[in-house]
Amino acid sequence: MSITSLAAVPSAHRTAPVFRGRIGSDARSGHYAVPHRYRLHLSTACPDGLRLAVGHSLLGLDTRCPVTLLPAVPDGPGGGHAALRPLYEASAHRYTGPALAPVLSDDWSGRIVSTHTPDILRDLDRFRPGGDARLYPSGLESVIEAVERMCGEGVEEAAQRAGRAGADPAERAAALDILLDTLGRLERRLSGEEYLADGRLTAADIELWVTLVQLDTVHRCHLDASAVHRIAGHRALWAYARRLAAHPAFGRHLDLDAIARRHHGRCQGLEAAGAAVQILDWASHAADASDASRR
């Protein structure tokens, strides 16, 4: 079954980034992939930060591109991080906006390269020390982009609309239908398959796994119990999420307390009955990943 057909789901709308520098292939690009020059600043409580942390680990970049972890709840104005303020001010004259994470910075210049997570995740491939590990293998770009669109519009945005307090019941029901339809298509794709694309871990699996973490730890809290039970009925999908949670590159970055603090600090919605219906025991599977990483 080709996953390209999933591209019918419209593209998710992301907040326009402030900085969108790219890492090139050689010195002529200005920013090129040299070890120890760049640094990631992220919070794993944030979905984008979690995506980057997992990708960074899968590529084995701990010594080539260091990571600075930020607090779960931003401590600066406008939802920004105080620790990132000097980088923003050095990178944009008289910058007055929030110092948002995640950030890829250049330690040589003390400035920001990019704040755009999709670009940063793609550029991490340029730092890989060798071997077969790639987040965006050649020939699979359209598959990965289709999964990203599904997760953004068909899961994340649909789940938000389905759980929105004060929304018209018909609108919530329609959003839930979109969510369940999207999960059903992903379920069929993963029935009998270990990963989403070409039998190997790619950026598509990072995207879907982080989306499922958010669905169970955040969006579930605003859905009724019946909706959560229907979501949980996609057995192949949640078995996949559980399997990846036990993988060291995924589970060791899963900080459930931090996700909860971030959610409670940002959310203004009402808790619903689904909050009591946990789909996966994420803490147990993340502990398995920590044990595996120490062996």
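The values are calculated or read from the model by the stated rules, or taken from the named source; none is laboratory data. As the structure is a computational prediction, the values presented were derived from the model and not from experiment. Note: accessible area is taken over every heavy atom of the protein model, side chains too, but ligands, DNA and RNA are not part of it. Shrake-Rupley method; radii C 1.70, N 1.55, O 1.52, S 1.80 Å.
Details
- Between Gly60 and any residue 5 or more places off or on another chain, the built amide H atoms are never under 5 Å apart.
- Probe 1.4 Å - accessible area at Thr44, Å² to nearest ten: 20
- Think of a 1.4 Å ball rolled over the protein heavy atoms: the chain then has 46 Å² of accessible area per residue.
- Scaled against the 2.2 N^0.38 Å expected of a compact globular protein of N residues, the Cα radius of gyration of region 34-98 reads 1.21.
- 5 Å binning of all Cα-Cα separations within region 30-187, expressed as whole percents from 0 upward: 1, 8, 15, 16, 16, 15, 13, 9, 5, 2, 0
- Taking all Cα pairs closer than 8 Å and separated by 6 or more residues, the relative contact order of region 185-277 comes to 42 percent.
- Apportionment of accessible area to carbon and sulfur, the chain, percent (1.4 Å): 49
- Normalised contact order of the chain, rounded percent, pairs of Cα under 8 Å and 6 or more residues apart: 21
- The share of alpha-carbon pairs in the chain lying farther apart than 30 Å comes to 32%.
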